[in-house]
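Since the structure comes first, as structure tokens, the remarks are kept for the end.
The values are calculated or read from the model by the stated rules, or taken from the named source; none is laboratory data. Note that this is a predicted model, so its numbers are computed, not measured. Note that each Cβ is placed from the backbone with ideal geometry, even for glycine, and that neighbours are counted across all protein chains shown.
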Amino acid sequence: MYNKYIILGIVFILIAVNASSSLSLKICKDNSAENIHYSENLDVCIGEIKDGRGLIVEICNNGDVDVENIQLYIEVESGKRVFIPKKTYEISFLAAGDSTEVFINIFGFNLGRLFGYPMITFTVSSPVIKLTWKKITTSVFGSHTNILEEYSINDEPFEGYTLFAPMWHTKTYLINNKGDVVYTWNSVYTDSQAAYLLENGNLIRTSWVATSSIFSGGAQGRIEMFDTKGNKIWNYEYSSDQFNQHHDVEILPNGNILLIAWELKTKAEAVDAGKNPNRLNGNEFWPDHIIEVEPIGDSGANIVWEWHVWDHLIQDYDPGKANYGDVSAHPELIDINFGGNRADWNHINSVDYNEEFDQILLSVHQFNEIWIIDHSTSTEEAAGHTGGRYGKGGDLLYRWGNPQAYKQGTENDKKYYGQHDAQWVEEGCPGEGNILVFNNGAGRPGGRYSSVDEIIPPVDENGFYRYIPGNTFGPKNQVWIYTMPNPSDMYSNTCSSSQRLPNGNTLICSASQGMFLEVNNEKKIVWRYDNPYPLLSIQKSVTEALRYPTDYPGIPEVKSKSINKR
């Protein structure tokens with residue numbers, strides 16, 4: 001009993017001493033901004049978050065000052081079917097150097113892929129500490145939780161709006177960083193492979209034309225344009241039994257649009273061009289071509305420029321043909337006998353444009369390569385081997401990813417494995433002028449996983465690429481590669497995209513997973529979104545996701561019309 005009084009006396013003494021100490025912090029009733037002085041000695045933060053039954057959140061005082069009246073706020077920012085009965089907790093006192101744990105009751109039923117994983121934000125504040133937060137994405141089954149990703153206040157995503165069109169859906173969505181839908185465009189057509197927001201707020205979107213006999217993965221055939229009210233103002237089809245648009249489009253500075261398309265050649269025509277008949281299944285051959293169209297009216301277009309793979313072939317199979325030659329000595333030409341045996345021979349799946357150099361960048365899936373061609377040519381020059389700004393006509397200016405395609409190097413020099421979405425890093429972004437690719441990883445040695453690869457192309461200030469004859473194009477290796485900490489957690493055998501953002505982060509879309517990630521240069525995930533659309537479908541695939549900054553000219557135009565279009 002005496003011991004009890006002694007202990008109580010010691011406690012009262014310690015409290016009195018603490019109250020008079022210059023290191024203690026007295027919370028005043030007047031908490032107006034002019035009376036709050038943040039100290040460098042204050043360091044209250046959210047520590048470890050533990051999953052299991054419910055959630056356990058650790059609050060740490062890493063400073064050398066005691067802090068009173070700490071508030072913990074909990075918010076479910078996105079995701080459905082999650083219930084947290086108590087969302088505000090108060091920690092009346094936390095001594096310097098101490099920590100405490102708060103148990104959070106949570107209940108729900110969440111399948112993730114069907115409804116999207118919920119993101120939960122934990123915010124700590126008090127009148128005398130700077131606000132700090134931490135976010136998690138988690139799966140919830142009953143009261144059991146499993147944390148998938150964790151983000152802290154030092155891991156801010158790039159502020160903006162993300163545009164995406166779920167693959168087997170008629171809608172296109174614009175979301176903010178919280179996952180809230182800001183705007184929705186409605187089409188009557190499905191299977192969009194590309195969607196872009198223009199500076200005037202209009203939307204360009206591709207979709208599938210089911211009537212063409214030229215059909216393979218990525219087949220589209222139609223390009224639609226919608227205004228800021230969601231009205232379709234242009235509908236152009238480039239699809240027939242002789243050609244069919246597929247995969248990507250690229251909007252040029254003058255408003256024209258680059259399209260990728262197959263064109264039909266017969267087996268006899270392919271063999272006459274030096275194709276080994278044993279390397280072609282079936283009776284058709286579909287080399288790719290690129291056209292530039294000028295939109296006219298509400299459904300028309302003028303083709304103002306074109307480039308055809310067919311015009312730049314070489315082969316060393318049949319010496320009796322005019323294009324017979326040494327493939328290894330002509331990397332500017334395309335070996336008709338390289339690649340697979342199917343009709344869809346090249347399977348170009350993305351197109352990008354560099355205004356400074358007037359060049360076009362292509363991702364060539366079947367060759368595991370990227371190609372760059374000259375856009376400054378006329379259509380006639382593009383069909384030949386001379387002319388244009390770089391003097392090579394329509395021949396390849398640069399290629400990279402698999403030098404075996406021009407009989408240089410070995411399998412060890414192969415870098416791309418069924419890649420998609422090759423694009424130049426845009427002006428003003430870290431790595432400006434470098435090339436980013438989503439490297440899907442199909443057939444990659446070491447297992448099934450995808451990566452985002454960045455290279456520095458060997459180009460001078462005038463747009464000419466360095467190449468030493470008899471060697472492979474540089475660089476030797478990628479300058480930056482991103483994989484998830486457990487590489488197999490990000491794998492898409494099809495489509496997908498990546499985009500360098502102005503703050504140096506990289507936005508990634510893993511198509512077949514319907515998963516968007518934003519990672520910083522140190523490869524830390526700072527934002528994640530799992531596509532929940534269509535809501536009643538297990539198919540959540542998204543070909544690409546694009547982030548537009550808050551000051552992008554088209555954003556205010558769209559947001560001003562958003563009230564009736566969500």
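Here are some notes:
- Against the list (1) touching an Asp or Glu at 6+ places or on another chain (Cβ under 6 Å); (2) under 24 Å from ALA194 (Cβ atoms), the condition GLY387 fails is (2).
- Among the residues of region 380-395, those identified as closer than 22 Å to GLU356 by Cβ and surrounded by fewer than 18 Cβ atoms within 10 Å (Cβ to Cβ) are ARG389, GLY391.
- Test set (1) more than 19 Å from GLN408 (Cα to Cα); (2) surrounded by fewer than 22 Cβ atoms within 10 Å (Cβ to Cβ); (3) of a type in the set (D, E, K, R) - ASP326 fails condition number: (1)
- Inspection of region 145-160 identifies at least one residue that is part of a loop (DSSP other than H, G, I, E, B) and more than 30 Å from PHE103 (Cα to Cα).
- Test: residue in region 409-431 that is within 20 Å of TYR482 (Cβ to Cβ), without any contact (Cβ under 8 Å) to a residue 60 or more places away in the chain, hydrophobic (A, V, I, L, M, F, W, C) and surrounded by 15 or more Cβ atoms within 10 Å (Cβ to Cβ): no
- Residue check, VAL304 within 29 Å of the chain's Cα centre (by Cα) and either farther than 21 Å from GLN366 by Cβ or surrounded by fewer than 19 Cβ atoms within 10 Å (Cβ to Cβ) (or both): no
- Test for ILE303: is it in a strand (DSSP E or B), closer than 25 Å to ILE370 by Cβ and in contact (Cβ under 8 Å) with a residue 40 or more places away in the chain: no
- Qualifying residue in region 471-479 (condition: assigned to a helix (DSSP H, G or I) and surrounded by 14 or more Cβ atoms within 10 Å (Cβ to Cβ)): no
- Looking across THR211, THR184, THR170, THR228, one residue alone is closer than 30 Å to ILE120 by Cβ and polar (S, T, N, Q). It is THR184.
- Residue match in region 36-45 (condition: crowded, with 17+ Cβ neighbours inside 10 Å and modelled with pLDDT of 90 or more): no
- Residue in region 166-178 that is more than 15 Å from THR543 (Cα to Cα), free of Cβ contacts under 8 Å to residues at least 60 places away in the same chain and in a strand (DSSP E or B) present: no
- Taking the criterion of being modelled with pLDDT of 80 or more and not hydroxyl-bearing (Ser, Thr, Tyr), the residues of region 128-148 that qualify are TRP133, LYS134, LYS135, ILE136, VAL140, PHE141, GLY142, HIS144, ASN146, ILE147, LEU148.
- Residues of region 216-234 that are crowded, with 19+ Cβ neighbours inside 10 Å and modelled with pLDDT under 95: THR228 alone.
- Checking each residue in region 363-419 for being in a loop (DSSP other than H, G, I, E, B), modelled with pLDDT under 95 and not hydroxyl-bearing (Ser, Thr, Tyr) picks out only GLY409.
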